[in-house]
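K.L.:
Here's a structure for you.
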Amino acid sequence: MDRTPTPPREASDFEVGAAADRPVEAAGDVAGGVAIETRQLNLWYGDFQALFDVDLRIKQGIITSMIGPSGCGKTTLLRTVNRINERLGYVRTTGAVEVLGRDILAPEVEVVQVRRHVGMVFQRPNPLPLSIRENVLFGYRIHEPAARQASRGELDAVVEDALKTVLLWDGVKDRLNSRATALSLEEQQKLCIARLLPLKPTVLLMDEPCSALDPAGTEAVEELIWGLRGEYTFLMVTHNMAQARRASDECVFMLLGRVIEHARTDEIFVTPRHETTADYIEGRYA
Ligand SMILES: Nc1ncnc2c1ncn2[C@@H]1O[C@H](COP(=O)(O)OP(=O)(O)O)[C@@H](O)[C@H]1O
Ligand SMILES: [Mg+2]
């Protein structure tokens, strides 16, 4: 596939009025840079504390998986990185969350700016009850000023590019105006990834993206994500140890709202430093 990798964006893109497509260092120069950093991140739902002093540095251009028992705060952490949690009036957060060096919780940063850079894919595919084409263009129309002046042909090119990237184009190109909800779950999840791409996000958050899929669908979506690494930074929650092991470069193990261990995936699985990590990956937790 002929796609020129998009260099990751700069933190200054978050500033109001900053040029969205300002050129940045070549991707090779920033490989290993930090895409997401949290410092002393704490989060409460009302009186219940769900995250404790989370200090994480998620590297740019790789896949980082997040594992840990149900209820340990994986989804909460992901949702903090694109500020979904704040919709709930009873959530309180302290500490910092930076995306490419910019504190996204700062009062002057608007949530729409964050969403341009940080896309999220959920457990259940959630296409809008619109056509395949309109699903791909939906976020683009909202967030990208150029979309308003774009010709039909330009929008068609955006749709084609995004659907080709997620390997869906050949299967759907003759029915772009059909309802997205009629697609198979695997196709729907690929579409949910595709609709993030026209905004050229920096970070793609994935919350158990394959948990609703059958093994073939899981493999297809994993392969897709693997093929997009380098171009995007992935932070992916999974409850599937085999998936974390084969489909991520680094792995974060959480327990009871804390990060216990963060290391290269092979190290975590072969030589975990903490006993609780070993217990979890060997299946001694529920
Ligand atoms: N919207 C919410 N309101 C109150 N408590 C919540 C909410 N979402 C999650 N929690 C609680 O926060 C903790 C972490 O949940 P979650 O982040 O969903 O864990 P995980 O994704 O690791 O299973 C759990 O104890 C859960 O019950
Ligand atoms: Mg969860």
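Read the figures in this text as sums done on the coordinates, not as results from a lab. Fair warning: this is a prediction, and the values are worked out from it, not measured in the lab. In this analysis, Cβ positions are derived from the backbone assuming ideal geometry, glycine residues included, and neighbour counts consider all displayed protein chains.
K.L.:
What percent do you get for the relative contact order of the chain when only Cα pairs under 8 Å and 6+ apart count?
P.N.:
Over the chain, the number comes to 25 percent.
K.L.:
With +1 assigned to the C-beta of every Lys and Arg and -1 to the C-beta of every Asp and Glu, and no other charges, what is the dipole magnitude of region 82-129 about the Cα centre in debye, to the nearest 20?
P.N.:
Roughly 240 debye, rounded to the nearest 20.
K.L.:
When a footprinting reagent is the concern and you count Cβ atoms within 10 Å, what order do ILE132, ILE281, ILE104, ILE142 take, fewest first?
P.N.:
ILE142, ILE281, ILE104, ILE132
K.L.:
For region 161-270, what is the charge dipole size about the Cα centre, in debye to the nearest 20, if Lys and Arg each add +1 at the Cβ and Asp and Glu each add -1 at the Cβ?
P.N.:
360
K.L.:
Could I ask something else about it? State the antiparallel share, in %, of DSSP beta bridges confined to region 33-281, rounding to the nearest 5.
P.N.:
If I count the DSSP bridges inside region 33-281, around 60 percent turn out antiparallel.
K.L.:
As I understand it, the value is the acute angle between the Cα axis of helix 152-165 and the longest principal axis of the Cα atoms of the chain; what does it come to in degrees, rounded to 10?
P.N.:
40
K.L.:
Can you give me the C-alpha center-to-center distance between region 129-195 and region 78-97, rounded to a whole angstrom?
P.N.:
Centre-to-centre (Cα) distance: 29 Å.
K.L.:
About its Cα centre, how strong a charge dipole does the chain have in debye, to the nearest 20, once Lys and Arg get +1 and Asp and Glu get -1 at the Cβ?
P.N.:
Result for the chain is approximately 640 debye, rounded to the nearest 20.
K.L.:
Kindly put PHE269, PHE138 in sequence by how many other C-beta atoms sit within 10 Å of each C-beta, fewest to most.
P.N.:
PHE138, PHE269
K.L.:
Using the basic label-point model (7 angstrom from Cα toward the beta carbon), what is the ALA146 to LEU88 distance in nanometres?
P.N.:
3.7
K.L.:
Picking from VAL118, PHE52, GLY68, whose Cα lies most toward the positive end of the charge dipole for the chain (charges on Cβ: Lys, Arg +1; Asp, Glu -1)?
P.N.:
Result: VAL118.
K.L.:
DSSP loop GluC sites (Glu not before Pro) in region 104-166 with at most 10 other Cβ atoms within 10 Å of their Cβ, which ones?
P.N.:
GLU108
K.L.:
Of all GluC sites (Glu not before Pro) in region 197-286, which ones are in loop regions per DSSP and have a Cβ with at most 11 other Cβ atoms within 10 Å?
P.N.:
GLU282
K.L.:
Which FRET efficiency, nearest 0.05, do ARG284 and SER184 yield, Cβ-Cβ r, R0 41 Å?
P.N.:
0.70
K.L.:
Could you tell me which residue out of GLY139, ALA242, SER211 lies farthest along the dipole of the chain toward its positive end? Charges go on the beta carbon: Lys and Arg +1, Asp and Glu -1, centred on the Cα centre.
P.N.:
Farthest towards the positive pole: GLY139.
K.L.:
Fewest Cβ neighbours within 10 Å first, please rank TYR140, TYR90 accordingly.
P.N.:
By the 10 Å Cβ count, ascending: TYR90, TYR140.
K.L.:
Which order, highest average first, do 34-45, 70-81 follow once you tally other Cβ atoms within 10 Å for each residue and take the mean per peptide?
P.N.:
For the peptides 34-45, 70-81, the packing ranking is 70-81, 34-45.
K.L.:
OK, next. Once amide H atoms are placed 1.01 Å from N in the peptide plane, what residues at a sequence separation of 5 or more from MET254, or on another chain, have their amide H within under 5 Å of its amide H?
P.N.:
ILE67, GLY68, ILE260
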